[in-house]
Amino acid sequence: MAHTPLLAKPHTFYVRPAPGWLDLLEGEATQILESPLQKYKFVPKISYLQGVVKVHRCDWRQGLELLFRTTIAHDMEWLVSEFSCGSWSDLEKGLARTRWAEILPENVKTAHIAVNLHQGFTSGTAKLRTLFCNLTGIGHSTGEDEQRIKCELRGNRFRILISMAGRPLYQRGYKTVLSAIAPLPEHHAAACVRWVMGDPHKSAPVKNIYIPFAGSGTLGFETLLVLSGAGVGAFDRSFACESFPFNSRATLAFLRKRISQQLKHIKPTPTVVWNDINSQAIQDLQKNIDGFPAPAHHQVESGDFFQFLPNFSGSDPILLLLNPPYGDRLAKKTVPTRLFSQIGKQINIIFEKYKGQLRVGCICPDEMTWRAVISNVPSEKSETRHFTHGGKDMRLVRWGSVE
């Protein structure tokens, strides 16, 4: 019996969020799928499945668009095969039916093969991986292989998933200079921006952005990415799925071109004020700004956040985003609660200067620093969101509105 061509049938994708941002990822995926850059054959459905956003009945090309436009996802996996599996014999038959020659490039000899067991006929992950490798001819590697395959056994269901991204999606590739200490991955930063802003498509356009403690620029760059409606496909990085043999080169080129154009045409062109007290950080930041393709009026200020007030003219909305130093980024003898109390007081001063214009988001690494901030910003009602980064329970607090 002839096989249906892979591009002709609907597909299922699992989109994995930055920890703590599942609902926000679901909203972003819905918005992307409801505003496609071209016409597709199927109408995709979205649901939750074990902590991921499941997109099923999806055109393969629309799956590529979702991958290229997402900002919050850590990875996006393609469900290659799913079958009933209650024994080793069932597993062998299911693996034998998988169309590996059509899926992976011919030159792929090894891949990172993860095995997840959630009850089933076996608890032997090593034996399962060995059988998978023997039947597929793909060796397991613990290195940084571009191809990443996941085998999941849940009860009597076996799933094979392949990473569409390869490298994690927070590796955007837009920075000329990388910071030695990266306190906030890009997909977390994008999620923070989206939550602080609310729906960027319904709120008044943000024309003014203020980024203290700017570091290498992650929060500011992710704000520009969110405002553009583009995604990680706008940057010069590769995706594992680009090497799949059945892909359309024309589709890949079209999506990259359209998404890159989105990033280069933000309307209205925002003004971004960057501030950092570290002179080396300022130099590195300037290099990153020079290489970032989105349009903006940049003002880079070297100096103390507590002694600087930005000067925005007019009554346009202002977005203030703070990721203050914590952990290894703190200067010696700095008392975190005292620092965050000062930050809260400075936020209140900025609120007084720009009444009715300001929406603020501040990241706090624990409850004590969170309390220190909110106790010093009495003028506005606050909302707090928890997320997980590096095993820490982080807090993002927001005030004000840009409506």
Per DSSP, loop GluC sites (Glu not before Pro) in segment 141-171 with at most 11 further Cβ within 10 Å
144
Just one of (1) 0.95; (2) 1.16; (3) 1.08 is Cα Rg over 2.2 N^0.38 Å as worked out from the coordinates here. Which one is it?
(3)
Percent relative contact order of segment 283-391, based on C-alpha pairs within less than 8 angstrom and at least six residues apart?
31
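Normalised by the residues of the chain, what does the relative contact order come to in percent, with Cα pairs under 8 Å and at least six apart?
15
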Ranked from fewest to most other Cβ atoms within 10 Å of their own Cβ, 397, 43 fall in the order 43, 397
Residues whose placed amide H lies under 5 Å from that of residue 113, excluding near-sequence neighbours:
141, 149
Taking 51 Å as R0, compute the FRET efficiency from the Cβ-Cβ separation of residue 242 and residue 355 and round it to 0.05.
0.55
Working from Cα positions, state the angle (0 to 90°, nearest 10) between the long axis of helix 279-291 and the longest principal axis of the chain.
60
Quick one: compute the contact order of segment 201-262, relative version, from alpha carbon pairs under 8 angstrom and 6+ residues apart, as a percent.
34
Taking the Cα centre of segment 186-400 as the origin, how large is its charge dipole in debye, to the nearest 20, when only Lys and Arg (+1) and Asp and Glu (-1) carry charge on their Cβ atoms?
360
May I ask for the angle, rounded to the nearest 10°, between helix 88-97 and the longest principal axis of the chain, with both axes built from Cα atoms and the value confined to 0 to 90°?
80
In this structure, among 353/392; 39/93; 175/345; 41/175; 207/381, pairs with alpha-carbon gaps over 25 Å are 353/392; 39/93; 175/345; 41/175
Residue 45: which aspartates and glutamates have alpha carbons under 20 Å from its alpha carbon, excluding same-chain residues fewer than 8 sequence positions away?
23, 26, 28, 34, 59, 65, 75, 77, 82
May I ask you to derive the FRET efficiency for residue 114 and residue 304 from their Cβ-Cβ distance with R0 = 60 Å, giving the value to the nearest 0.05?
0.85
Rounding to the nearest 20 debye, state how big the charge dipole of segment 309-359 is about its Cα centre with +1 on each Lys and Arg Cβ and -1 on each Asp and Glu Cβ.
240
Could you line up 151, 58 from fewest to most neighbouring Cβ atoms inside 10 Å?
151, 58
Grab the Cα-Cα distance for residue 156 and residue 337, subtract it from 0.36 nm times how many residues apart they are, and report the gain in nm with one decimal.
60.1 nm
Across segment 211-226, in residue order, what do the Karplus-derived ³J(HN,Hα) couplings come to in whole Hz, using 6.51 cos²θ - 1.76 cosθ + 1.60 with θ = phi - 60° and x for Gly and Pro?
10, x, 6, 5, x, 8, x, 3, 4, x, 5, 5, 5, 5, 5, 5
Mind pulling the angle between the C-alpha long axis of helix 60-69 and the longest principal axis of the chain? Nearest 10 degrees, somewhere in 0 to 90.
20
Please report the antiparallel percentage of DSSP beta bridges with both residues in the chain, rounded to the nearest 5.
60
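Do the sum for the chain: with -39,500 (n - 2.57) for every DSSP H run of n ≥ 4, divided by all residues, what is the mean residue ellipticity at 222 nm, to the nearest 500 deg cm²/dmol? Mind dumping the intermediate values first?
Numbers: 11 runs with 125 residues, N = 403.
That calculation yields -9500 deg cm²/dmol at 222 nm.
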Please list, in chain and number order, the residues 5+ apart from residue 271 or on another chain whose amide H is under 5 Å from its amide H, with Hs placed from the backbone.
208, 209, 297
Among 130, 142, 369, 384, rank each residue by its count of other Cβ atoms within 10 Å, from fewest to most, as a rough exposure measure.
142, 384, 130, 369
Quick one: what are the phi-derived ³J(HN,Hα) couplings along segment 28-37, Karplus 6.51/-1.76/1.60 with θ = phi - 60°, whole Hz, x for glycine and proline?
5, 4, 4, 5, 5, 5, 8, 10, x, 7
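Give the peptides 288-300, 116-128 in descending order of average Cβ contacts within 10 Å, highest first.
So the order, starting with the most tightly packed, is 288-300, 116-128.
Each value in this text was obtained by applying a stated rule to the coordinates, not by laboratory testing. A quick note: this is a predicted structure, and the numbers were derived from the prediction, not measured. All Cβ positions, glycine included, derive from the backbone under ideal geometry; neighbour counts span all protein chains shown.
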